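Step one of this worksheet: look at the structure below.
The values are calculated or read from the model by the stated rules, or taken from the named source; none is laboratory data. Everything numeric here is computed off the predicted structure, so don't read it as measured data. Reconstructed Cβ throughout: ideal geometry from the backbone, glycine too, with neighbour counts over all protein chains shown. These accessible areas exclude ligands, DNA and RNA; they are computed on the full protein's heavy atoms, side chains included. Shrake-Rupley method; radii C 1.70, N 1.55, O 1.52, S 1.80 Å.
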Amino acid sequence: MLWRQHTVYRERAGGVVIRGEHVQRWISLAPSGRKDEILLRAGRILDGGTTAPARSETVVPLGAGTGELAMACRRLLAETAADAAPPAPAAPGRTKRSEKPKRPGRKGKRMSLASWTILLACVVGVVALYAYSTATTGTR
């Protein structure tokens with residue numbers, strides 16, 4: 001029955017894709033790059049039949065049974081379906097100008113610890129170079 005409701009084909013990279021046009025979803029099984037693991041990815045099928053990029057993915061060991069593999073596939077497809085739910089309509093009234101989306105949890109631009117460490121190392125290096133050059137040439 002699978003081939004009657006779904007389209008199954010191989011990707012160029014060697015993976016297998018199962019497309020369900022009636023549910024507007026796809027799922028692929030491909031080598032993960034690590035031994036004895038497969039990469040599962042799921043996404044939506046857009047209007048016109050093109051596929052959207054994967055919305056969710058997971059790695060499953062090959063030693064897992066078909067039950068665990070099926071459960072992982074169902075979970076990915078459910079996540080994809082939940083992501084595809086249409087957004088709530090905007091309340092009528094004044095419309096806002098489009099703004100750049102803000103990153104959650106960031107109030108302003110801040111330097112990371114690695115950036116501060118590199119900056120401090122450069123300052124210490126410049127001071128050490130100045131001290132060395134002053135000590136070797138001496139002040140006469």
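Tally time: how many residues in segment 9-46 are outside any loop (DSSP other than H, G, I, E, B), over 16 Å from Ala82 (Cα atoms) and among the basic types (Lys, Arg)?
2
Is there any pair linking a residue in segment 41-70 that is within 13 Å of Ile27 (Cα to Cα) and among the acidic types (Asp, Glu) to one that is open to solvent by 30 Å² or more (accessible area, probe 1.4 Å) and modelled with pLDDT of 85 or more, with Cβ under 8 Å and at least six apart or on different chains, and which?
Glu57/Leu39; Glu57/Arg41
Could you list, in sequence order, the residues of segment 27-40 that are open to solvent by 70 Å² or more (accessible area, probe 1.4 Å) and either touching a residue at least 40 places away in the same chain (Cβ under 8 Å) or on the phi < 0 side of the Ramachandran plot (or both)?
Pro31, Arg34, Lys35, listed by residue number.
Are any residues in segment 45-72 closer than 16 Å to Arg19 by Cβ and within 18 Å of the chain's Cα centre (by Cα), and if so, which ones?
Result: Thr51, Ala52, Pro53, Ala54, Arg55.
Output yes when any residue across segment 126-139 is loosely packed, with under 13 Cβ neighbours inside 10 Å, at pLDDT below 80 and assigned to a loop (DSSP other than H, G, I, E, B), and no when none is.
Scanning segment 126-139, I find at least one residue that is loosely packed, with under 13 Cβ neighbours inside 10 Å, at pLDDT below 80 and assigned to a loop (DSSP other than H, G, I, E, B), so the answer is yes.
Out of the residues in segment 1-20 that are in contact (Cβ under 8 Å) with a residue 12 or more places away in the chain and open to solvent by 80 Å² or more (accessible area, probe 1.4 Å), state the one that is farthest from Leu76 (Cα to Cα).
Ala13
Could you run through segment 62-73 and say how many residues are open to solvent by 70 Å² or more (accessible area, probe 1.4 Å) and either within 16 Å of Gly15 (Cβ to Cβ) or part of a loop (DSSP other than H, G, I, E, B) (or both)?
Going through segment 62-73 one residue at a time, the tally reaches 2.
Residues checked against (1) under 23 Å from Thr7 (Cβ atoms); (2) in contact with a helix residue (DSSP H, G or I) (Cβ under 8 Å, 6 or more places away or on another chain); (3) open to solvent by 40 Å² or more (accessible area, probe 1.4 Å); (4) at pLDDT 60 or above:
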| site | (1), (2), (3), (4) |
| --- | --- |
| Arg25 | yes, yes, yes, yes |
| Gly49 | yes, no, no, yes |
| Val60 | yes, yes, no, yes |
| Ala85 | no, no, yes, no |
